[in-house]
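The structure appears right after this line, and notes come after that.
All of the numbers you see were taken from the coordinates with simple rules; none came from a lab. Just so it is clear, the structure is predicted and the values come from calculations on it, not from any experiment. So basically every Cβ, Gly included, is an ideal-geometry build from the backbone, and we count neighbours across all protein chains shown.
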Ligand SMILES: Cc1cc2nc3c(=O)[nH]c(=O)nc-3n(C[C@H](O)[C@H](O)[C@H](O)COP(=O)(O)OP(=O)(O)OC[C@H]3O[C@@H](n4cnc5c(N)ncnc54)[C@H](O)[C@@H]3O)c2cc1C
């Protein structure tokens, strides 16, 4: 058990109640149909009316000059991520809020830009989303290879290229699009721009059909001479001197990885609870079969506890403004495979009852694999950790 303050405990309880009533049934339905819940689903409106679960991870804090500024609380975000993914990771990712677009704002935008683009999220009359588009057909793990071009024309930036696997992109008010002024410049050429929904030339190509985590959409876009005002360049032009653009992209991942990994812990807990209930109800008390299963359950619990501590530590560092590139990668490196082992062990315990395709565990198995890929694969996290061994800067 990790002691939580009263607001965090209350928030987790609230997520639990919403998860039981809405998120688990919605997730099972999406898994069955293959489609995420529609953006006008009453659950999303309910979340918005309650002040938006995601926006409750933002607290006003006193700045040195005495003014109140919004401060994101990554630790609380990790708790919400874990609890909501317990009920359904796909639906958890579809919760209204700025999402990865918000992480990109936090690492690159000026305070004025953050205030402007986050303003719609204060409207609780309807659900709002935002997203981030980095990945392209030829640039996934190696984000330095993005080819989407951006050029300045008068007081506008003009974008052309294509983006794929953009979570919640098709329902978003705006998307942070990463582009390059010149691919030959590599990382130094990167720029982040906000493209608002409905901007001419910013066209949805398709929504992917995924093997799991089907409760949220992943969209592909074409950008055909998309014009945005110069004010939509996050951070302003001076931000991109001395590779700040790429550092901004990496900082976005350092904020998002512990949260992403914490979702895995929630999914693993769901598998553990499922297996626990099965053993309690189906295996004769004091039998050898039950004893063997309990030993496996104990191992599953230990793995999850370790994963949880690693995720929360990385989120805690982010909360206190401490560089967490290494710890964020540890979280992403450790949690998904640990959870994969846990779900797999739960399937072993249930046997044929677990693999029927209407069974929760069978779905969790598919959902967890998807978790392994987003926000950087296992191999990429190893590259990040190895770089630290050789003394590369901790924030690189
Ligand atoms: C459900 C889902 C949602 C997503 N949401 C978003 C989103 O909102 N925004 C966004 O921008 N992107 C998003 N992504 C994209 C995601 O970040 C990429 O899929 C991921 O970075 C991997 O890129 P790739 O699929 O192109 O694989 P590749 O980069 O082509 O990698 C293929 C294989 O090669 C390995 N590999 C690559 N480089 C190395 C290396 N240097 N050393 C060792 N092994 C290596 C990888 O680990 C992997 O096993 C999402 C993806 C998924 C599946």
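Here are a few things to note about the model shown:
- Gyration tensor (alpha-carbon) shape descriptor, the stretch 136-180, a/c threshold 1.5: oblate
- Taking 0.36 nm per residue of sequence separation and removing the Cα-Cα distance, the residue 160/residue 144 pair yields an extension gain of 4.1 nm.
- Length gained when the stretch residue 184-residue 341 is fully extended (0.36 nm per residue, less Cα-Cα span): 52.3 nm
- For the pair the stretch 237-278 / the stretch 13-54, the C-alpha centres are spaced 21 Å from each other.
- Residue exposure sequence - 129, 316, 174 - by fewest surrounding Cβ within 10 Å: 316, 174, 129
- Label-point gap, in nm, between residue 230 and residue 302 - each point 7 angstrom along Cα→Cβ: 6.2
- Cα gyration tensor, the chain - rounded (a/c under 1.5), prolate or oblate: prolate
- Neighbour counts of C-beta atoms inside 10 Å place 171, 292, 356 in the sequence 356, 292, 171, starting with the fewest.
- Counting every other Cβ atom within 10 Å of each residue's Cβ, 311, 166 order from fewest to most as 166, 311.
- Cα gyration tensor shape of the stretch 133-222, rounded if a/c is under 1.5, else prolate or oblate by comparing a/b with b/c: oblate
- For residue 379 and residue 196, the difference between the fully extended length at 0.36 nm per residue and the C-alpha to C-alpha distance is 62.5 nm.
- Computed E for residue 211/residue 29 - FRET, C-beta separation, R0 22 angstrom, nearest 0.05: 0.85
- For the peptides 372-384, 198-210, 260-272, the ranking by packing is 260-272, 372-384, 198-210, with the highest mean count of neighbouring Cβ atoms within 10 Å listed first.
- Where both bridge residues fall in the chain, DSSP classifies roughly 85% of the beta bridges as antiparallel.
- Whole-angstrom gap from the stretch 349-379 to the stretch 115-193, using each part's C-alpha centre: 30
- With contributions of -39500 (n - 2.57) from each DSSP H run of at least four residues, the per-residue ellipticity at 222 nm computed over the chain stands at -16000 deg cm²/dmol.
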